[in-house]
Amino acid sequence: MKGKIIVSLLSSTLIIGLGAELNHENTSFLNPLCVSVKADTVSGTFTSSGTNKIYTSASTSGTSIGSYNSGQKVSYDSKIKSGKYLWISWMSYGGQRHYMIEENLNTGHMHGTDTNSSMTTNVKKTNTKHSTGKKKTTSSVGKKIISLARAEIGKPYKTGATGPNSFDCSGLTQFIYNKVGISIPRTSQQQSLVGKYVSLSNLVPGDLVFWGAPGTSGHVGIYTGNGKCLFAPQPGQTVKEQPMSYYSPQFGRHIF
């Protein structure tokens with residue numbers, strides 16, 4: 001019974017912070033030497049070894065809405081490598097996704113113990129700068145993403161829809177990426193923090209493109225090459241492919 005009371009108190013604490021507004025991440029601080037990020041669907045239980053903050057995004061620049069103290073446990077459903085940290089993530093009782101740091105990938109320092117250590121390994125940073133003088137080629141994964149996305153052209157936009165007959169913007173991108181075996185979060189805000197940040201000039205076909213700032217993006221599409229992107233626009237419209245000059249996204253994310 002005591003354990004149940006603790007869980008109830010924790011859930012109340014988490015729900016209190018649901019109305020907090022996400023901070024805009026300043027992209028000028030993004031380091032081109034970064035770790036590729038991918039959300040992996042793994043589950044387990046994490047036991048905090050100290051005071052660990054709870055965030056509304058996988059970024060220490062995001063909003064902190066509470067914390068777990070030493071010995072407190074949380075069940076998670078995914079892990080994300082973002083920047084120098086390995087994060088665990090779970091859906092709160094109020095329907096908000098939460099994030100907590102599990103490991104500092106630079107130092108190997110663990111912030112607690114984990115029943116599932118499938119991703120708790122140190123990752124070395126690699127130089128991910130694009131060569132500006134070389135032609136960008138489309139990978140086999142990128143080609144498959146574009147082919148699958150174009151097959152959805154003409155299907156109606158519907159708020160909250162994730163396919164196969166209708167989509168909202170992030171429902172479409174999640175649907176297509178799932179088809180090529182890549183698991184990404186559900187919303188455009190969450191998707192805008194997954195993978196490696198890329199400028200519009202360094203996009204490769206199949207990358208995601210976003211409107212807004214990382215962590216608060218309100219719209220997402222798929223870059224199809226030659227200055228075009230494909231997306232589910234808004235209610236009353238259908239999935240379409242258009243020149244990006246018409247809609248001007250702010251940045252991209254490379255995940256595959």
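Quick notes on this structure:
- Any hit, region 185-203, residues being in contact with a helix residue (DSSP H, G or I) (Cβ under 8 Å, 6 or more places away or on another chain) and within 16 Å of residue 147 (Cα to Cα): no
- Contact map, region 176-195: residues that are in contact (Cβ under 8 Å) with a residue 12 or more places away in the chain paired with residues that are surrounded by fewer than 17 Cβ atoms within 10 Å (Cβ to Cβ) and in a loop (DSSP other than H, G, I, E, B), Cβ distance under 6 Å, separation 6+ or inter-chain. Pairs shown: 183/41.
- Test for residue 23: is it on the phi < 0 side of the Ramachandran plot, at pLDDT 85 or above and not aliphatic (A, V, I, L, M): no
- Residue within region 231-247 that is touching a helix residue (DSSP H, G or I) at 6+ places or on another chain (Cβ under 6 Å) and either touching a residue at least 24 places away in the same chain (Cβ under 8 Å) or not assigned by TED's automatic domain parsing to the domain that holds residue 56 (or both) present: yes
- Matching residues, region 63-100, being over 19 Å from residue 196 (Cβ atoms), within 19 Å of the chain's Cα centre (by Cα) and at pLDDT 85 or above: 63, 64, 88, 100
- The lone exception for residue 243 - which of (1) buried (at least 17 other Cβ atoms within 10 Å of the Cβ); (2) of a type outside the set (S, T, N, Q); (3) at pLDDT below 95 it fails: (1)
- Of all residues making up region 202-227, the number that are in contact (Cβ under 8 Å) with a residue 40 or more places away in the chain, small (Gly, Ala, Ser) and touching a Phe, Trp or Tyr at 6+ places or on another chain (Cβ under 7 Å): 2
- Candidate set: region 134-154, residues that are modelled with pLDDT of 95 or more and outside any helix (DSSP H, G or I); chosen: the one surrounded by the most Cβ atoms within 10 Å (Cβ to Cβ): 152
- Subset tally (residues that are surrounded by fewer than 24 Cβ atoms within 10 Å (Cβ to Cβ) and either of a type outside the set (Gly, Ala, Ser) or assigned to a loop (DSSP other than H, G, I, E, B) (or both)) for region 169-181: 6
The values are calculated or read from the model by the stated rules, or taken from the named source; none is laboratory data. As the structure is a computational prediction, the values presented were derived from the model and not from experiment. We place every Cβ from the backbone using ideal geometry, glycine too, and count neighbours over all the protein chains shown.
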